[in-house]
Amino acid sequence: RGYVAQLADRYARRADVLLYATPDRPVLNHVGQVTSDGQWLILTSSSGTDDRFEIHGRKIAGGKAMGAPLVPIITGFDNNWSLIDGVGDQMWFMTNKNAPRLKVVTAQIVPGKAPQWQDIVAERPETLDGASIVGDKIILAYLKDAQAEVEMVTLSGATAGKVDLGGIGTAAAIA
């Protein structure tokens, strides 16, 4: 089950609100995340510790995700999908679908329509270790020869430059 905690002052007592549940599949775990622009609640479901996911979204209106329809974004537990972020109704994900070392895809999320996924950063020989949207760029961290390499691309995937790390190191939690 996925709950949203009601934020209140220390004197108020409110019950959490159930946003999502799968009573027909009780073994599933659910994790909620809000896009940085605050427009979507993304619910990622998994079975045990397997790194294959289903993803649903709920548009947030007036600061609330309750009452909005649940939108299937990724159905079936076939691949690893990790939300990078969303801007409006456009979402970016890292995935291993047809790309064991991961790639970046994007799609417009429209209730009632299946997402039309577009590859914007293809799989490379190096493993994609992480990605973040910062402003109008996607920052990509790769693992090459046991060291981190960081590159930038535009939101459409065009090359925007490399980030000089100044030597051997690890790139993590880029935001």
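The values are calculated or read from the model by the stated rules, or taken from the named source; none is laboratory data. None of the values given here were measured: they were computed from a predicted structure. Note: areas computed on protein heavy atoms with side chains; ligands, DNA, RNA excluded. Shrake-Rupley method; radii C 1.70, N 1.55, O 1.52, S 1.80 Å.
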request  = Quote the accessible area belonging to D119 in square angstrom, nearest 10, computed with a 1.4 Å probe and with ligands, DNA and RNA left uncounted.
outcome  = 90
remark   = With a 1.4 angstrom probe the carbon and sulfur portion of accessible area for the stretch 42-161, in percent, totals 49
note = Per residue convex hull volume, Cα only, the stretch 30-111, in Å³ is 91
note = Filtered hits (lysines, Cα-Cα < 25 Å from K113, offset >= 8 within chain) -> K59, K64, K97, K103
query = Using Cα pairs under 8 angstrom and six or more residues apart, how large is the relative contact order of the stretch 28-146, in percent?
reply = 15
query = So what is the accessible area of the stretch 17-117 per residue, in Å², with the probe set to 1.4 Å?
reply = 50
note = So, relative contact order of the stretch 58-110 in percent, Cα under 8 Å, 6 or more apart, is 24
query = If ligands, DNA and RNA are left out, what is the accessible area of S47 with a 1.4 Å probe, given in Å² to the nearest 10?
reply = 50
query = Which ³J(HN,Hα) values in Hz, rounded to whole numbers, follow from the phi angles of the stretch 90-104 under the Karplus curve 6.51 cos²θ - 1.76 cosθ + 1.60, where θ = phi - 60° and Gly and Pro get x?
reply = 8, 10, 10, 9, 8, 8, 9, 5, 6, 7, x, 9, 6, 9, 10
key: Hits among lysines - C-alpha to C-alpha of K162 under 17 Å, sequence gap 8 or more where chains match   = K137, K144
ask   = K162 accessible area, nearest 10 Å², 1.4 Å probe?
value = 140
ask   = Using the Karplus equation 6.51 cos²θ - 1.76 cosθ + 1.60 (θ = phi - 60°), what ³J(HN,Hα) coupling, rounded to whole Hz, does each residue of the stretch 74-87 give in order, writing x for Gly and Pro?
value = 10, 10, x, 8, 9, 9, 7, 10, 10, 5, 7, 4, x, 10
